Amino acid sequence: MTANWPEQPAPEARPDWRDTLRNGADLALLGILTTLAAVPVVTAGAAVGTASAALHHWIETGSWPGTRAALRGFGRTLLPGAGATAVAGVVAGVLALNLLALGRGAVPGGPVLVAVTVALAVAAGGFAGLTVMRLGRQGGQGWRRAVRGAARIAAARPVALLAGAGTVTLAALLCALVLPVLTPLLVGYTLFGLHTAIRRVAGSALASTPE
């Protein structure tokens with residue numbers, strides 16, 4: 001008499017070093033292309049949005065979108081992206097001027113206001129990262145909708161804002177203090193870090209936010 005043992009599911013194949021190397025090279029190339037596309041500055045918003053959308057497509061499907069599709073998306077988002085770039089530049093400029101003035105003692109406040117300004121800058125960076133991740137889930141289009149979605153996610157799961165802030169801050173420190181020459185390579189890894197970190201901590205808040 002033969003016992004009918006239940007069949008065991010086949011173990012999932014684990015990616016080997018070649019898969020890891022290929023993925024790392026893809027992310028590095030994404031960062032280089034994004035940096036080159038953002039060189040004129042006014043195209044930075046469109047470049048980041050297109051890259052975020054391409055990365056979301058890769059995470060979801062395991063493949064990158066076609067070149068023509070990416071270029072079409074880039075072209076459609078040039079004008080809205082320029083507006084987003086301008087807003088981000090103004091916010092960054094105001095925070096930088098405040099820090100400079102406080103550091104030189106031109107305005108009262110001392111270390112306390114310096115700490116507050118730094119905290120605001122970190123929070124702004126986290127919200128920007130959350131918006132870029134949300135924009136990628138929308139196919140790289142709709143900056144205003146992405147901002148509203150990021151605000152809803154941050155309100156429902158503040159830890160998502162912290163995850164974005166930590167990712168952006170770490171990338172900024174690496175670029176400024178350790179690896180400034182490798183900044184283009186870090187762009188792709190930063191986008192990947194934003195998508196994966198926020199996905200992990202946002203949970204149902206991300207799923208319930210309409211795309």
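Mind checking which helices (runs of 4 or more DSSP H) fall wholly inside region 10-98 and carry at least 3 residues that are over 17 Å from the mean Cα position of the chain (by Cα)?
Passing ranges, in order: 17-37, 67-76.
Given the options Val159, Val107, Val112, Val122, name the one that is out of contact with any His (no Cβ under 8 Å at 6 or more places or on another chain), closer than 23 Å to Leu97 by Cβ, modelled with pLDDT of 90 or more and open to solvent by 40 Å² or more (accessible area, probe 1.4 Å).
Details: Val159 fails: closer than 23 Å to Leu97 by Cβ; Val107 fails: modelled with pLDDT of 90 or more; Val112 fails: modelled with pLDDT of 90 or more.
Within the list Val159, Val107, Val112, Val122, the selection yields Val122.
Within the set of pairs 6 or more residues apart or between chains, which connect a residue that is open to solvent by 40 Å² or more (accessible area, probe 1.4 Å) inside region 128-149 to a residue that is among the basic types (Lys, Arg) with Cβ atoms less than 7 Å apart?
These pairs meet every condition: Gln141/Arg76.
In region 48-77, what count of residues is obtained for those that are surrounded by fewer than 16 Cβ atoms within 10 Å (Cβ to Cβ) and either free of Cβ contacts under 8 Å to residues at least 60 places away in the same chain or of a type in the set (Ser, Thr, Tyr) (or both)? First the steps, then the outcome.
The first filter runs over region 48-77 and keeps only residues surrounded by fewer than 16 Cβ atoms within 10 Å (Cβ to Cβ), leaving 59-64, 66-69, 71-72, 75.
Remaining after also requiring either free of Cβ contacts under 8 Å to residues at least 60 places away in the same chain or of a type in the set (Ser, Thr, Tyr) (or both): 60-64, 66-69, 71-72, 75.
Residues that pass the stated criteria total 12.
The values are calculated or read from the model by the stated rules, or taken from the named source; none is laboratory data. Computed from a predicted structure; not experimentally measured. No Cβ is skipped: glycine too gets one built from the backbone with ideal geometry, and neighbour counts run over all protein chains shown. Calculation scope for accessible area: heavy atoms of the full protein, side chains included, ligands and nucleic acids excluded. Shrake-Rupley method; radii C 1.70, N 1.55, O 1.52, S 1.80 Å.
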